[in-house]
Amino acid sequence: MAKYKRWQDWSSLVLAVWIAVSPAVLSFTRGVAVTALAGFVLAVIALVALANPEVKGAEVTQLLAWIFTFFVPWFLSLRGSGAVSLQIVAVVSGILSWTALGSIDARKGFYPSQNENHSHA
């Protein structure tokens, strides 16, 4: 797949930017710096995934980062719209990362035997 073409990574980038600016938009009172930093880190990871569409590690890292983001409200004792926003975005982006990871496997073949020519003479 060509660089910067996977829609899932573009969506994750947009959602990461939302995470970064959401403390200002939703008027967080707690966890502002950590949430903004998490959004920045998630945006960088999304950019890496966009630039390297065939690298599974980028998608796995992105998936793990979104899973971590889901739990941030509990770590920071966030409540209200900030917590709900983080968790919804984390679930949606986690699903997007999972589907992007699946598209890599679908193109390459999940099992090594799918990529080999097994002509036994």
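The values are calculated or read from the model by the stated rules, or taken from the named source; none is laboratory data. All figures in this text were calculated on a predicted structure; none of them were measured in a lab. All Cβ positions, glycine included, derive from the backbone under ideal geometry; neighbour counts span all protein chains shown.
When the stretch 19-39 is limited to residues that are assigned to a helix (DSSP H, G or I) and in contact (Cβ under 8 Å) with a residue 24 or more places away in the chain, the one that is farthest from Val89 (Cα to Cα) turns out to be Val34.
Looking at Ala16, Ala58, which is the one that is over 18 Å from Arg79 (Cα atoms), touching a residue at least 60 places away in the same chain (Cβ under 8 Å) and either aliphatic (A, V, I, L, M) or not in a helix (DSSP H, G or I) (or both)? Exactly one of Ala16, Ala58 is over 18 Å from Arg79 (Cα atoms), touching a residue at least 60 places away in the same chain (Cβ under 8 Å) and either aliphatic (A, V, I, L, M) or not in a helix (DSSP H, G or I) (or both), namely Ala16. Among the residues of this structure, Val48 counts as one that is among the aliphatic types (A, V, I, L, M), surrounded by 15 or more Cβ atoms within 10 Å (Cβ to Cβ), out of contact with any Phe, Trp or Tyr (no Cβ under 7 Å at 6 or more places or on another chain) and not in a loop (DSSP other than H, G, I, E, B).
For the stretch 63-102, give me the residue count where each residue is within 26 Å of Arg30 (Cβ to Cβ) and either surrounded by 14 or more Cβ atoms within 10 Å (Cβ to Cβ) or hydrophobic (A, V, I, L, M, F, W, C) (or both).
First, pick out the residues of the stretch 63-102 that are within 26 Å of Arg30 (Cβ to Cβ): 64-94.
From what is left, the residues that are either surrounded by 14 or more Cβ atoms within 10 Å (Cβ to Cβ) or hydrophobic (A, V, I, L, M, F, W, C) (or both) are 64-76, 78, 82-94.
Total satisfying the criteria: 27.
The residues in the stretch 63-114 that are of a type outside the set (A, V, I, L, M) and modelled with pLDDT of 75 or more can be counted, and the count is 20.
Let me confirm something: among Val48, Val21, which residue is within 12 Å of the chain's Cα centre (by Cα) and among the hydrophobic types (A, V, I, L, M, F, W, C)? Steps first, answer last, please.
On the way: Val21 fails: within 12 Å of the chain's Cα centre (by Cα).
Exactly one of Val48, Val21 is within 12 Å of the chain's Cα centre (by Cα) and among the hydrophobic types (A, V, I, L, M, F, W, C), namely Val48.
Figure legend. Inter-residue proximity from the stretch 42-54: first residues modelled with pLDDT of 85 or more, second residues part of a helix (DSSP H, G or I) and surrounded by fewer than 16 Cβ atoms within 10 Å (Cβ to Cβ), beta-carbon distance below 6 Å, spacing 6+ or different chains. Indicated pairs: Ala43/Val17; Ile45/Thr61.
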